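*Asks:* Quick one: this structure, given as C-alpha cells, is what I'll be asking you about.
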Amino acid sequence: MGKACKMKPVKQAPTKSRRKFDETFKREAVNNWLSSGKSAEVIGEELGLDANRLYAWRKRFAPADAGGRAAAGAKPGSSADLQARLDAALREVRHLREQRDILKKRWAFSPNQRPALCPD
C-alpha cells in the first residue's frame, strides 16, 4: 500500500563564531584608514573586515578633528580647524597622486599609444 518514507538527515550549516577585536586593534584600524587616504572598502579588505565595521568604529574611536571635520567648538580659522583642513588636503593630494600614477601606468601599455619617434 504505502511505502515507508525515508528522510534524509538535515545538514547543519557550520556556525560562524563572532570575531572579537580589542579596542587597540579598532583604534589602529581607524587611524590606518583615516591616515592612508584609501577607502574604507580597501582597508577593510586588507584587514579582513567589512567596511561598515570601520565606519562604526570611526564613530566611536576617531579623534574629533579626523575626516576633515573641525574639532568640536573650534572656530573657523583657528589652528585646530586649519590643521584639520591641511590634513584632509594632504590625504586628497596623496590619493590623487596614486590615481594619476595608476592612469600613467595604464596609458603606457595602451594599444592606442603612438610609438616613440626614433632618429634614423
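*Asks:* Using a simple spin-label model with points 7 Å from Cα along the Cα→Cβ vector, what separation in nm is obtained for LEU82 and SER17?
*Replies:* A separation of 5.3 nm, rounded to one decimal place.
*Asks:* Just read off the accessible area of THR24 with the full protein assembly in place, 1.4 Å probe, to the nearest 10 Å².
*Replies:* For THR24, solvent-accessible area is about 90 Å².
*Asks:* Something else: Multiply the residue separation of LEU47 and LEU103 by 0.36 nm, subtract the distance between their alpha-carbon atoms, and state the gained length in nm to one decimal. Walk me through the numbers on the way to the answer.
*Replies:* On the way: separation 56, 0.36 × 56 = 20.16 nm, distance 2.60 nm.
Once the chain is fully extended between LEU47 and LEU103, it gains 17.6 nm.
*Asks:* With a sphere of radius 13 Å drawn around the Cβ of VAL42, what net charge do the other residues whose Cβ falls strictly inside it have (Lys, Arg +1; Asp, Glu -1)? Walk me through the numbers before you get to the answer.
*Replies:* Details: positive: LYS38; negative: GLU41, GLU45, GLU46, ASP50, GLU98.
Surrounding charge for VAL42 is -4.
The values are calculated or read from the model by the stated rules, or taken from the named source; none is laboratory data. Bear in mind the structure is a predicted one, so any value in this text is a computation, not a measurement. Every residue, glycine among them, receives a Cβ derived from its backbone with ideal geometry; neighbour counts consider all protein chains shown. For accessibility, only protein heavy atoms count, side chains too; no ligands or nucleic acids. Shrake-Rupley method; radii C 1.70, N 1.55, O 1.52, S 1.80 Å.
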